[in-house]
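Inspection log for the structure reproduced underneath, given as structure tokens.
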Amino acid sequence: MTMIGRRDFCRNGLALGALAALPLGISPASAEPKRGGTLVYATVSGPGTLDPHVSSSAVELEVIHNLFEGLVALDNQNATRPMLAAKATASDDARTYTFELRRGVKFHSGEEMTAADVKASLERYQRVSPNAKNLADVEAYEAPDPYTFIIRLKQPNVVLLDVLKTPIFPFMILPAAQKDKAAREIDVVGTGPFALSEWVKDSHLVIKRFDGYAPDTSAAGRDGYGGRKTVYLDAARYRFIPEATTRIAALQTGEVQLASTIPTELRGRVEERGDLAVRQVFPVGGTYIIVNSQYGLTANVLIRQALAAAIDIGEITDATGGINKANPWMSFPNTPYYLGETAPTPWYDQKDPAKAAELLKRAGYKNEKLIIETNSNYQWMRTTMLVVAEQLKAAGVNVDLKVVDWTTNAAHMQQGTGEWNLSTTLFGPDHILGPQQWRPMIYAFPSIKGNDALDGAYKEFFAAPDLDQRRAAWLKIQQQVLGNAYMIKIADSGRLAGYAKRLKNQSDYPGILQLWDLYLD
Amino acid sequence: MLRLITIKLLQAAPVILVVSILAFLLMSLLPGDPAVVIAGDQASPEAIAAVRHSLGLDRPFLERLGIWLLRLAQGEFGSSLMLNQSVLSAMGERLPVTLSLAGLSLAITLPVGILIGSIAAYYRQTWVDSLVMTVALVGVSIPGFWIAILAVILFSVVLGWFPSSGYVPFAQDPVLWLRSLVLPASMLSLFQIGFLARMTRSAMLDVLSQDFIRTARSKGLSEWVTVGKHGFRNALVLVITAMGILVSTALGGSVVIEQVFALPGVGRLVVQGIMARDYPLVQGVMLIYGFAFVAINLAVDVLYTLADPRVRYD
């Protein structure tokens, strides 16, 4: 049996590029945190639902992560740490996971959370969540006593805990009474440090401090989405303000103390005020050119590699603006699967039109039309593809650019439908969660079929008990995906948030909004 | 009067039918498969098939049209996919905001627009006329979106007179309700004031050159009675026509203003519906707005007869 507990949860002693732990907005000599007050937060729009099992959008998750908690959570190094579980034990064959639950954890309704609630929550997740396929290998859930929960798997899975820590479609624990509720129809009752108080659709949402909250006393302080959470605020009010200029105005007038998604070109208007500041939230996602490997020209690997050779990343990020940093890998630098300088990345940022022309010649390219599909909803995507089109023309490719709406564009990429060779998108938490989370994306978006090397590398990954072995498999996977230009990595990207300097103790962990430990001076 | 309203309602019936059919065609005019668009980019083929079935998209066109009209006759305007509630209930929650905004905007527009239009007509061909008409031209020409953002910066950030965004219900605090709406309603009024001032000026110019005005003056009536009573009463029909258009533009213009000032009204609901590809919602709201515009036109026709006894429809 392998014991996995508290801070060393699934970390395996890996040396990571650790984030600095110093919080923002507070100096070492600062006074004690002040309790009380209501933080007003201006966000782009309101949530459609607060059902964690079906939520993947940021505006929903930035409320949900303050109301609910899961068995495990991401820590500030993006590794797995316990949250509602005190300890997890994996059997040697990685087919049985036993969770010892923390005692005395209360739901907002006042009832104690037990293994029956955990079992009911995961059963509901399997029924309603779009991410339910990640639990497809589960043979049975068992709750032998109120504080023990067991997952039995049909086949070994060494990364089950990594699956359970996902911040999107999160595996949050609800009261057992919610088990049979349909998707989006739950009562909003969790174990988180805040409880829902008021929600007026399209206007605002208020969460208030949950005085019955049981913090994880095994931790010294907050740690990513987990750790010991302390709530100083009486309440937090989310205001839904779609216009960036109005969000900034609300910050300037003092109506709000925190504002999400500040456009780069407007950051000066926030920073010109001495009482306001801008915080860079980075990295949030990675941007990619998707190459359809099942349609026309781009079914040919030489053509795909020619396209990758022609791409100049700097030109693209200069044109799109925003917060971008070069990274040839499909994992963020501060995550367990980031490979850094351990292997060459010849596929990245080649900006070599001559090489592209040579590869096109070898592929027998005869000036056939290459179709780029983009959308009218996201300006950065459209700009990216306009620049890519020019770069490919310079390499001698006959390019045709089509603009559709985002839903059609995304559906074409996910389902492999439509007539297109190149498109673009952004992937988020996959860069944190690692290869197991990437798998469905890698196969679906570029429509990869019949790549035995890729299939084999994934088999190696899931069978490898040791993190180093899994990292080696992840290198092979990326060499297949990026080396054969099924996807072309552009950059890691982030966003800006504006805040009043009287809002203290923000975490520099670049995750979804965490309101615990914040206070107003 | 009852006969007039009955006739007008009967005349409105074909218009309502056409509006209903146009709203229905929204689904058919979507590029690609509406079920894919509605089910979303992460939907499985089963989910897409379920959406197609639930919307009846797997049935023949004429059958779908017949079902749509039958449901409308029973008062069913459909259900929103993103909100998981009926369109009528979603609109009902947000209508007080939009009606407050439109009502306050009209309360600002009517006195200001009529007054400055009348002044421009009275002082025609003078610098006063030129000034008023230039201001009116600016009002109808400047994009509402842009002027609203400038107003937020000036009146909220620089002067601190009004909140930059948000809405407070009347029942919660009437003073804060008014304060939250003055700036957005004023911005919504800018276009309308310009439009109404030009219409009023034009109508008053026609009237003030009539013989009966000259007669009134020669009788020794004061200018106030001559222009304000005899003149304006006769220009009122044209002003009422303008008011019908103003109510319609107030509802339409609220889409942009609600977005800028983050007001939780019907306009913002429509924008979110469009962004989320919630076509049943957009379809339902479009239809209800269509009905509202028909009702406004009916009200204008009735007002004509009250304002001018010479107007008869028989």
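The values are calculated or read from the model by the stated rules, or taken from the named source; none is laboratory data. Note that the structure is predicted; figures quoted are calculated from it, not measured. Here the Cβ is made from the backbone with ideal geometry for all residues, glycine too, and neighbour counts use every protein chain on show. These accessible areas exclude ligands, DNA and RNA; they are computed on the full protein's heavy atoms, side chains included. Shrake-Rupley method; radii C 1.70, N 1.55, O 1.52, S 1.80 Å.
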Exercise. Taking the stretch A:139-153 only, how many residues are open to solvent by less than 20 Å² (accessible area, probe 1.4 Å) and out of contact with any Asp or Glu (no Cβ under 6 Å at 6 or more places or on another chain)?
Worked result: 2
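Open to solvent by less than 40 Å² (accessible area, probe 1.4 Å), at pLDDT below 85 and either assigned to a loop (DSSP other than H, G, I, E, B) or more than 14 Å from chain A (Cβ to nearest Cβ) (or both): which single residue out of B:G32, B:G56 fits that description? Spell out how you get there, then give the answer.
Working: B:G32 fails: open to solvent by less than 40 Å² (accessible area, probe 1.4 Å).
Every option except B:G56 fails the conditions.
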Problem set entry | Within the stretch A:227-245, considering residues that are among the charged types (D, E, K, R) and part of a strand (DSSP E or B), the one nearest to the other protein chains (Cβ to nearest Cβ) | A:R239
For this session: Filter the stretch A:376-387 down to residues that are surrounded by 16 or more Cβ atoms within 10 Å (Cβ to Cβ), in contact (Cβ under 8 Å) with a residue 24 or more places away in the chain and in contact with a strand residue (DSSP E or B) (Cβ under 6 Å, 6 or more places away or on another chain), then give me how many there are.
Result: 3
Exercise. Just to be sure, is A:Q305 in contact (Cβ under 8 Å) with a residue 12 or more places away in the chain and in a helix (DSSP H, G or I)?
Worked result: yes
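Mind telling me which of the residues B:L95, B:L83, B:L88, B:L72 ends up being aliphatic (A, V, I, L, M), open to solvent by 70 Å² or more (accessible area, probe 1.4 Å), in contact (Cβ under 8 Å) with a residue 60 or more places away in the chain and more than 30 Å from B:R201 (Cα to Cα)?
Values: B:L95 fails: open to solvent by 70 Å² or more (accessible area, probe 1.4 Å); B:L83 fails: open to solvent by 70 Å² or more (accessible area, probe 1.4 Å); B:L72 fails: open to solvent by 70 Å² or more (accessible area, probe 1.4 Å).
That would be B:L88, the only listed residue that is aliphatic (A, V, I, L, M), open to solvent by 70 Å² or more (accessible area, probe 1.4 Å), in contact (Cβ under 8 Å) with a residue 60 or more places away in the chain and more than 30 Å from B:R201 (Cα to Cα).
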Exercise. Among the residues of the stretch B:73-94, which ones are more than 11 Å from chain A (Cβ to nearest Cβ) and in a strand (DSSP E or B)?
Worked result: B:S79, B:S86
Exercise. Taking into account only those residues within the stretch A:465-490 that are under 30 Å from A:R222 (Cα atoms) and surrounded by fewer than 23 Cβ atoms within 10 Å (Cβ to Cβ), which is modelled with the lowest pLDDT?
Worked result: A:P465
For this session: Exactly one condition in (1) farther than 27 Å from B:T241 by Cα; (2) surrounded by 13 or more Cβ atoms within 10 Å (Cβ to Cβ) is not met by B:W127; state its number.
Result: (2)
Seminar exercise, completed: Checked the stretch A:346-370 for anything assigned to a loop (DSSP other than H, G, I, E, B), in contact with a Leu (Cβ under 9 Å, 6 or more places away or on another chain) and on the phi < 0 side of the Ramachandran plot; matches are A:W347, A:Y348, A:A363, A:Y365, A:E368
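Suppose we keep only residues that are in contact with an Asp or Glu (Cβ under 7 Å, 6 or more places away or on another chain) and of a type outside the set (G, A, S) within the stretch A:73-99. Which one would you say is modelled with the lowest pLDDT? Full working, then the answer.
Keep residues of the stretch A:73-99 that are in contact with an Asp or Glu (Cβ under 7 Å, 6 or more places away or on another chain), which gives A:75-76, A:80-81, A:83-87.
Among the residues that remain, those that are also of a type outside the set (G, A, S) are: A:75-76, A:80-81, A:83-84, A:87.
On the way: A:D75: 91, A:N76: 87, A:T80: 90, A:R81: 93, A:M83: 97, A:L84: 97, A:K87: 94.
If we take residues in the stretch A:73-99 being in contact with an Asp or Glu (Cβ under 7 Å, 6 or more places away or on another chain) and of a type outside the set (G, A, S), then A:N76 is modelled with the lowest pLDDT.
Provide a single number: the residues in the stretch B:59-72 that are under 30 Å from A:T417 (Cβ atoms) and either of a type in the set (G, A, S) or assigned to a loop (DSSP other than H, G, I, E, B) (or both).
Just the residues of the stretch B:59-72 that are under 30 Å from A:T417 (Cβ atoms), to begin with: B:59-65, B:67-68.
Applying the additional criterion that residues be either of a type in the set (G, A, S) or assigned to a loop (DSSP other than H, G, I, E, B) (or both) yields B:59-60.
Total satisfying the criteria: 2.
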Exercise. Restricting the stretch A:283-302 to residues that are open to solvent by 50 Å² or more (accessible area, probe 1.4 Å) and part of a helix (DSSP H, G or I), which is farthest from A:D492 (Cα to Cα)?
Worked result: A:G296
Exercise. What are the residues in the stretch B:143-190 that are surrounded by fewer than 23 Cβ atoms within 10 Å (Cβ to Cβ), more than 16 Å from A:A249 (Cβ to Cβ), away from chain A (no Cβ under 11 Å) and among the hydrophobic types (A, V, I, L, M, F, W, C), if any?
Worked result: B:F170, B:A171, B:V175, B:L176, B:W177, B:L178
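Find the residue count for the stretch A:385-409, including only residues that are part of a helix (DSSP H, G or I) and more than 10 Å from chain B (Cβ to nearest Cβ).
So the first thing to find is which residues in the stretch A:385-409 are part of a helix (DSSP H, G or I), and the list is A:385-394, A:406-409.
Keeping just the survivors that are more than 10 Å from chain B (Cβ to nearest Cβ) gives A:385-394.
Residues in the stretch A:385-409 being part of a helix (DSSP H, G or I) and more than 10 Å from chain B (Cβ to nearest Cβ): 10 in total.
Please work out which residue is surrounded by the fewest Cβ atoms within 10 Å (Cβ to Cβ), limiting yourself to the stretch A:44-84 and to residues that are of a type outside the set (A, V, I, L, M) and within 11 Å of another protein chain (Cβ to nearest Cβ). Walk me through it before giving the result.
Narrowing the stretch A:44-84 to residues of a type outside the set (A, V, I, L, M): A:45-49, A:51-53, A:55-57, A:60, A:62, A:65-66, A:68-70, A:75-78, A:80-82.
Filter again for within 11 Å of another protein chain (Cβ to nearest Cβ), leaving A:45-49, A:51, A:56-57.
Values: A:S45: 19, A:G46: 21, A:P47: 21, A:G48: 20, A:T49: 20, A:D51: 24, A:S56: 17, A:S57: 12.
Taking the candidates together, the pick is A:S57.
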For this session: Determine which single condition A:L339 fails, assuming it passes every other condition in (1) under 26 Å from the mean Cα position of the chain (by Cα); (2) closer than 16 Å to A:V387 by Cβ.
Result: (2)
For this session: For the stretch A:217-224, indicate whether the set of residues that are under 29 Å from A:E32 (Cβ atoms), open to solvent by less than 10 Å² (accessible area, probe 1.4 Å), modelled with pLDDT under 95 and out of contact with any helix residue (DSSP H, G or I) (no Cβ under 9 Å at 6 or more places or on another chain) is non-empty.
Result: yes
For this session: Could you tell me whether A:I316 is modelled with pLDDT under 95 and away from chain B (no Cβ under 14 Å)?
Result: no
Problem set entry | Residue list for the stretch A:410-444, restricted to those being within 14 Å of another protein chain (Cβ to nearest Cβ), crowded, with 22+ Cβ neighbours inside 10 Å and out of contact with any helix residue (DSSP H, G or I) (no Cβ under 8 Å at 6 or more places or on another chain) | A:H412
For this session: Can you tell me which residue within the stretch A:335-347, out of those that are of a type outside the set (V, I, T) and buried (at least 18 other Cβ atoms within 10 Å of the Cβ), is farthest from A:G285 (Cα to Cα)?
Result: A:W347
Exercise. Residue check, A:I262 against (1) within 14 Å of another protein chain (Cβ to nearest Cβ); (2) under 27 Å from the mean Cα position of the chain (by Cα); (3) closer than 24 Å to B:F162 by Cβ, all met but one. Which one?
Worked result: (1)
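Residue check: is B:Y304 under 30 Å from B:F24 (Cα atoms) and of a type in the set (F, W, Y)?
Working: under 30 Å from B:F24 (Cα atoms): no; of a type in the set (F, W, Y): yes.
It is false that B:Y304 is under 30 Å from B:F24 (Cα atoms) and of a type in the set (F, W, Y).
Out of A:A354, A:A308, A:A326, A:A363, report the one residue that is closer than 16 Å to A:I289 by Cβ and open to solvent by 10 Å² or more (accessible area, probe 1.4 Å).
Details: A:A354 fails: closer than 16 Å to A:I289 by Cβ; A:A308 fails: open to solvent by 10 Å² or more (accessible area, probe 1.4 Å); A:A363 fails: closer than 16 Å to A:I289 by Cβ.
Just one listed residue meets the conditions, A:A326.
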